[in-house]
Amino acid sequence: MSYDLRKWVANSQIARKRSRWTCYYLAAGIFAGILFAIADLFDPGFGSKSWAANPAIAFLLLGVVPLSPFGRESWMTEKGRATFDEFERNALSAATTRAYATLITVMMLGMVYLWIASIAAWPVPTAPRQWAALTYLLVGLGLALPVFYAELLVPFPPAEGDDE
């Protein structure tokens, strides 16, 4: 028999409501992570003061993703999916599919850029910290994009006064 902390704590916790601002915070965090990674690529001195994309992605993953109910619950497991209704589960599945399709597209575009950059003598990542920042960015996008798309795809419940 195992001890399940959620069983005892879940009844005492108040469900946090969704905020309309969470989607904007997620978009800003994703944009900041991409911006910092690109700035580190084009300005090699930019990342010497910090690890470039790492603070932006850490802010995104640790500060913004937990604001969403889709980032707080473990909806990748069967037990976590049981907390959502059928429409939300379908929307989460579609969000995950779209997020990973977007991530694969971003990686393919990155490879095309590296191919063209090697021919045209554009800046390419050379330092290990630049590669680390790009890797960290891809991992952050892989974790944040499903939550971002879920926020976009799952509509807010109607207001209490609406009878529609």
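A few notes on this one:
- Annotation: peptides 87-96, 103-112, ranked by per-residue average of other Cβ atoms within 10 Å with the highest first, follow the order 87-96, 103-112.
- Nitroxide proxy distance, nm - points 7 Å out along Cα→Cβ at Tyr113 and Ala28: 2.3 nm
- Distance between the pseudo-spin-label points of Thr97 and Leu143 (7 Å out from Cα toward the beta carbon): 2.6 nm.
Only the coordinates and a few stated rules stand behind these numbers; no lab work does. What you are looking at is a predicted structure, and each value in this text was computed from that prediction instead of being measured. Using ideal geometry, Cβ is built from the backbone for each residue, glycine included, and neighbour counts are taken over all protein chains shown.
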